[in-house]
Every structure is written in C-alpha cells, then in structure tokens.
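What follows draws every value from the coordinates through simple rules; no lab data is involved. The shown structure was predicted, so the numbers you read here are calculated from the model rather than taken from an experiment. Using ideal geometry, Cβ is built from the backbone for each residue, glycine included, and neighbour counts are taken over all protein chains shown.
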C-alpha cells in the first residue's frame, strides 16, 4: 500500500463500481421533470397465459366471482397488489378444437388449441399444424422491448409416459 496525499473522489469510485455492480432503478436517476414513460424505467407490458389441464384443482386457479370484486385464488395471490393491472380469464374451453365424433383424446385436442383456437391436425408425419398462438402474436407486437420476448414453461410428471 502506498500512502500519498492524493484521494479518490466518491464520484470516481461510484463510476468505477458501475462496471461491476448493477443497481436497481432509483427515482433519482430520472432527469427532473421527465415523465417516466420517456425513460428506460418505463414498465413493460406483460402477458401470461396459464393452462390448467384436466381440471387440476380449479379452486386454486379460478376466481370465486366474475367482475372486479373477486377473491384471488391461491395460485394468483401474489398478484393481488397489482389488481388494477391484472385480468384473469377462465373457462376458455375451445369446443371448435374438439375432435370429430368417435375420435378419442378430446382433452389433448383442446390442450393443443390453447391460445390459438385452431383444431390441431392429427398426424404422424412432419405436417403438424396447430396455428399461431395469441402469446406469440403479443410477443411479436410488444416483446421486442424485452430481453426475452416470449418464454414458455411447462411442468410434467416424468413418470407419466413423458419424454425424459
């Protein structure tokens, strides 16, 4: 260590720390009299689609009432502070996606049509078709401002005839 009569200013240390430290957005970072919509801190709109197949514990996912005066179901409780920015839709069963009479697997046909409402083409070949989903249309429209315009997550029981 060298002892000198020189010092490093606080500003210099903070500038250097910025390369190694990511700070969260602070209101003081916005220039005075600037609307937050004109800054990088503008909240980005998001879309989330949750598919709850086979009647999976509907009481945990579906609100108790229609309209604004509902109680958040258990799985959506963390969204309660954002009530004025959240819309929960349920009961979106696509009858048009059901298989023709006499064909089995109705729940799989309807699951394949989630968010697109197109009847999937049942095939063993490479000509699979199910249509463009609304989440992909939304990602194309508003997702370009996000690091990940679209993300799909799935949970599957590895012991239930699934691929590993």
- Query: Once the range 36-148 is represented by equal point scatterers at the alpha-carbon sites, with solvent omitted, what log10 I(q)/I(0) does the Debye formula produce at q = 0.10, 0.14, 0.20 Å⁻¹?
  - Reply: -0.43, -0.79, -1.19
- Item | Additional length obtainable on full extension of the chain from residue 77 to residue 62, 0.36 nm per residue less Cα span | 4.3 nm
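Let's test the formula: R0 of 25 Å, r as the Cβ-Cβ distance of residue 127 and residue 90. What FRET efficiency results, to the nearest 0.05? Provide the component values of the computation, followed by the final result.
Details: r = 33 Å, r/R0 = 1.32.
Efficiency at R0 = 25 Å is approximately 0.15.
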- Message: Can you compute the modelled spin-label distance between residue 50 and residue 140, with each label point 7 Å from Cα toward Cβ, in nm?
- Response: 2.8
- Message: Along its three principal axes, how long is the range 64-127 when you only count alpha carbons? Whole Å, largest extent first please.
- Response: 47, 25, 17
